[in-house]
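As structure tokens, the structure follows; a few thoughts come after it.
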Amino acid sequence: GWIDMTSLSNVIDLVSRLQSACTALGDVGSSDADLPSLWDSLPTIVVVGGQSSGKSSVLEAVVGRDFFPRGSGIVTKRPLLLRLVRMENGDDKEYGVFQHTPNKKFFDFQDIMDEITFETNRHLQEVQQTVSKDPINLTVYSPVVPNLTLVDLPGLTKVRVEGQSEKVIKDLEEMVYSFIKKPNVIILAVTPANADVATSDALFIAKSVDPSGERTIGVFTKIDIM
């Protein structure tokens, strides 16, 4: 049927504001609490994929800026809840705000990258874990982004790197599953173009919770190395 784009835009804006309220109150879903979660009732886009699959690059393409830490092994070690807010004035300078430093605006995206690394390491040292499902909340205000909320999750892996705990592979899988199992989640399943689709970690775990593929969108990355 015909979709009123203005009404759809209003709904997206409303969902974005509700998600902002949720994060401010510490409600980011994916918990086993007995009380129902408002976050779990809202539609969310969750990005999943194997390590070095290009997940973070997909999100950076949406924002139009590089701000994710780079490296080998497990680079994303905590979920990143990324809320994008479109600024009405096209001349306004874009910036980011973290929930853990609400009064500080980051105008340099390299500083945002450094803060993600610092806050990740600080928390992991505190809880003595290799990975954690406790998310980092970042809001980016920009004239060139859509009003959207996306969740970037640590990459799946089948091989444990030296120095990692024995259960890190299972921990990663359980973390991803806890985010994508909810019926309101849209799954962006990221797979490198040079990998065998039949063995894609992202598509495999997406199929386990969405066998019909109704809420899964496959995204191919690294087309240039084909």
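The values are calculated or read from the model by the stated rules, or taken from the named source; none is laboratory data. This structure is a prediction, so every number in the text was calculated from the model and none was measured. No Cβ is skipped: glycine too gets one built from the backbone with ideal geometry, and neighbour counts run over all protein chains shown. What goes into the accessible areas is simple: the full protein's heavy atoms, side chains included, and nothing from ligands, DNA or RNA. Shrake-Rupley method; radii C 1.70, N 1.55, O 1.52, S 1.80 Å.
Could you tell me whether Pro146 is under 30 Å from Lys93 (Cβ atoms), touching a residue at least 40 places away in the same chain (Cβ under 8 Å) and surrounded by fewer than 19 Cβ atoms within 10 Å (Cβ to Cβ)? Can you show your working first?
Details: under 30 Å from Lys93 (Cβ atoms): yes; touching a residue at least 40 places away in the same chain (Cβ under 8 Å): yes; surrounded by fewer than 19 Cβ atoms within 10 Å (Cβ to Cβ): yes.
When the stated conditions are applied, Pro146 passes them.
Checking the conditions here, which among Leu59, Leu81 is open to solvent by less than 30 Å² (accessible area, probe 1.4 Å), hydrophobic (A, V, I, L, M, F, W, C) and closer than 16 Å to Ser142 by Cα?
Working: Leu81 fails: closer than 16 Å to Ser142 by Cα.
From the options Leu59, Leu81, the qualifying one is Leu59.
Are any of the residues in region 68-77 at pLDDT 85 or above and open to solvent by 10 Å² or more (accessible area, probe 1.4 Å)? Steps first, please.
First, pick out the residues of region 68-77 that are at pLDDT 85 or above: 77.
In the following step, the residues that additionally are open to solvent by 10 Å² or more (accessible area, probe 1.4 Å) were identified as 77.
Yes, some residue in region 68-77 is at pLDDT 85 or above and open to solvent by 10 Å² or more (accessible area, probe 1.4 Å).
Residues being open to solvent by 30 Å² or more (accessible area, probe 1.4 Å), closer than 14 Å to Gly50 by Cβ and part of a loop (DSSP other than H, G, I, E, B): count how many of those fall in region 174-219.
Qualifying residue count, region 174-219: 3.
In contact with a Pro (Cβ under 7 Å, 6 or more places away or on another chain) and of a type in the set (Val, Ile, Thr), is that true of Ile217? Before you say what the answer is, go through the steps one by one.
Values: in contact with a Pro (Cβ under 7 Å, 6 or more places away or on another chain): no; of a type in the set (Val, Ile, Thr): yes.
Considered against the rule, which asks whether it is in contact with a Pro (Cβ under 7 Å, 6 or more places away or on another chain) and of a type in the set (Val, Ile, Thr), Ile217 comes out as no.
Listed residues Thr117, Thr130; which is surrounded by fewer than 20 Cβ atoms within 10 Å (Cβ to Cβ) and assigned to a loop (DSSP other than H, G, I, E, B)?
Numbers: Thr117 fails: assigned to a loop (DSSP other than H, G, I, E, B).
The match here is Thr130.
Which numbered condition trips up Thr130, out of (1) farther than 29 Å from Asp13 by Cα; (2) polar (S, T, N, Q); (3) free of Cβ contacts under 8 Å to residues at least 40 places away in the same chain?
(3)
Among what's in region 85-101 and is closer than 21 Å to Val15 by Cα and modelled with pLDDT under 90, pick the residue that is surrounded by the fewest Cβ atoms within 10 Å (Cβ to Cβ).
Of everything passing the filter in region 85-101, Glu88 is surrounded by the fewest Cβ atoms within 10 Å (Cβ to Cβ).
Restricting region 133-142 to residues that are in contact with a strand residue (DSSP E or B) (Cβ under 8 Å, 6 or more places away or on another chain) and of a type outside the set (Val, Ile, Thr), which is most open to solvent (accessible area, probe 1.4 Å)? Before you say what the answer is, go through the steps one by one.
Let us first name the residues in region 133-142 that are in contact with a strand residue (DSSP E or B) (Cβ under 8 Å, 6 or more places away or on another chain), namely 135-142.
Subsequent filtering for residues that are of a type outside the set (Val, Ile, Thr) retains 135, 137-138, 141-142.
On the way: Pro135: 19, Asn137: 25, Leu138: 1, Tyr141: 61, Ser142: 0 Å².
The residue in question is Tyr141.
Any residue at all in region 145-152 that's among the hydrophobic types (A, V, I, L, M, F, W, C) and under 17 Å from Asp40 (Cβ atoms)?
At the first step, the residues of region 145-152 found to be among the hydrophobic types (A, V, I, L, M, F, W, C) are 145, 148, 150-151.
Applying the additional criterion that residues be under 17 Å from Asp40 (Cβ atoms) yields 150-151.
Yes, region 145-152 contains a residue that is among the hydrophobic types (A, V, I, L, M, F, W, C) and under 17 Å from Asp40 (Cβ atoms).
Against the condition within 15 Å of the chain's Cα centre (by Cα), polar (S, T, N, Q), closer than 19 Å to Gly54 by Cα and in a strand (DSSP E or B), how does Thr149 come out, does it pass? If you could, list the steps in order and put the result at the bottom.
Details: within 15 Å of the chain's Cα centre (by Cα): yes; polar (S, T, N, Q): yes; closer than 19 Å to Gly54 by Cα: yes; in a strand (DSSP E or B): yes.
Yes: the conditions hold for Thr149.
Test of understanding: among Ala206, Ala189, Ala198, Ala193, which residue is over 30 Å from Glu94 (Cα atoms) and modelled with pLDDT of 90 or more? Working first, answer last.
On the way: Ala189 fails: over 30 Å from Glu94 (Cα atoms); Ala198 fails: modelled with pLDDT of 90 or more; Ala193 fails: modelled with pLDDT of 90 or more.
Of Ala206, Ala189, Ala198, Ala193, the one residue that is over 30 Å from Glu94 (Cα atoms) and modelled with pLDDT of 90 or more is Ala206.
Restricting to region 11-42, name every residue that is modelled with pLDDT of 70 or more and either more than 19 Å from Val140 (Cα to Cα) or small (Gly, Ala, Ser) (or both).
Scanning region 11-42 gives Val11, Ser16, Ser20, Ala21, Ser37, Leu38, Asp40, Ser41, Leu42.
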